[in-house]
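What follows is a single structure, written as structure tokens, with notes after it.
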Amino acid sequence: MHRSSTCNFMYGDLTDKNTIDKIRQTFDNYESNFYEVLLYTKSRTPIWLYMQVAPIRNEKDNVVLFLCTFRDITLFKQPIEDESTRGWTKFARLTRALTNNRNLVQQLPPLSKTEVSHKPSRLAEALQLGSDILPQYKQEAPKTPPHIILHYCTFKTTWDWVILILTFYTAIMVPYNVSFKTKQNNLVWLVLDSVVDVIFLVDIVLNFHTTFVGPSGEVISDAKLIRMNYLKTWFVIDLLSCLPYDVINAFENVDEGLSSLFSSLKVIRLLRLGRVARKLDHYLEYGAAVLVLLVCVFGLVAHWLACIWYSIGDYEVIDETTNTIKTDSWLYQLAVSIGTPYRYNTSGTGQWEGGPNKDTLYISSLYFTMTSLTTIGFGNIAPTTDGEKIFSVAMMMVGCKYAAFWHYCSWCQLW
């Protein structure tokens, strides 16, 4: 199985069979070890090699391949006497070894006199990398200009998680503010939303200076290519999502139609969830992560549907043409059942007032969507108008699809 891994095509008269047996045993036992072995080049020139064997394991802790690292250490060994150098003096053989390995001095770190005078095993210990340390070429980061950030560095990874958390915050608050037509007159919420907008704006600047992986798997660090790639992909969506809609909408003198337009434009921020899906794709191979993700998606979908369910009821509860209230709307029936009915203000604004507060309306909407998605449906909140019934049918279909998908994912995790 591992015969070719022991480099049997490089064996010669001076190759130690005991060392070869130990190397073969290392492969058979899936161990990590290092050896000094004498092999022969294509021209039958003997060379000493420092060989390190490191098993590579997958996420299931199974060895899938071996990483073998070779270093020419002939310079540090006793001069080898072969047929071509037989009869040469020791100094002549050493001179030949130095000539054949003149590039080795530039590759290996300088050794002190104490290290050179030690036995070969001490040299092997000095060159030992350890099975838990990656080879040097894996540790070296690609050379990038000073203003370019590597997309996998610690800072960028932490920053991406901050953006993902703020994206989830946006995915929750934007549908709520659009459906319930809330103006952020509260100073604390207005400042918080403004900080989120500023962070999204800083993210745009960072994306213009962050490397990305090219089609062939290479890391692209050229500034011009990075900017062109970002402009073609996420720039427009990111720009529209960081505009300060809440700040503009907070002013009292903003026209109602313009305010509704700004509220509707905030929905564009939900397109950032595409980045969330791309980020979480790396964790889908873990069973617990899939289950947690399904629960979060279910809650987020129920929240969105609750906002739509309230919007339908709010649109249909009052007939704009006759300025009368529809008694068959679920909002009217909820208001009557909890003792906060709608009333017509004849002396003041001449509009319908009263009804449940926004907290009660949201909780009731979320309760209805949860019971519909899980196909329970207690019936205390029920659709009555045509629009409500059509939406309820669509919502139950979504619930059935999600339930089937949930069972499929659970089955896949079990197997």
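The values are calculated or read from the model by the stated rules, or taken from the named source; none is laboratory data. These numbers come from a predicted model, not from an experiment. Every residue, glycine as well, gets a Cβ built from its backbone with ideal geometry; the counts of neighbours run over all protein chains shown. These accessible areas exclude ligands, DNA and RNA; they are computed on the full protein's heavy atoms, side chains included. Shrake-Rupley method; radii C 1.70, N 1.55, O 1.52, S 1.80 Å.
Let a ≥ b ≥ c be the square roots of the eigenvalues of the Cα gyration tensor of segment 286-414; is it rounded (a/c under 1.5), or, if not, prolate (a/b larger than b/c) or oblate?
Verdict is prolate for segment 286-414.
Please go through the residue pairs 60/401; 181/401; 232/401; 181/326; 181/232; 156/232 and name each one whose alpha carbons sit more than 24 Å apart in this structure.
Values: 60/401 32 Å; 181/401 31 Å; 232/401 34 Å; 181/326 21 Å; 181/232 33 Å; 156/232 21 Å.
Pairs exceeding the cut-off: 60/401; 181/401; 232/401; 181/232.
Using a Förster distance of 25 Å, how high is the FRET efficiency between residue 11 and residue 67, based on the Cβ-Cβ distance and rounded to 0.05?
Efficiency computed from Cβ-Cβ geometry: 0.70.
What ranking do 30-40, 337-347 get when scored by the average of other Cβ atoms within 10 Å per residue, highest first?
Values: 30-40: 17.2, 337-347: 11.6.
Packing order, densest peptide first, comes out as 30-40, 337-347.
For a quick protection proxy, order the peptides 9-17, 156-164 by their average other-Cβ count within 10 Å, most packed first.
Most protected by this proxy first, the peptides run 156-164, 9-17.
Just the number, please: carbon plus sulfur as a percent of the accessible area of segment 286-414, 1.4 Å probe, no ligands or DNA/RNA counted.
65
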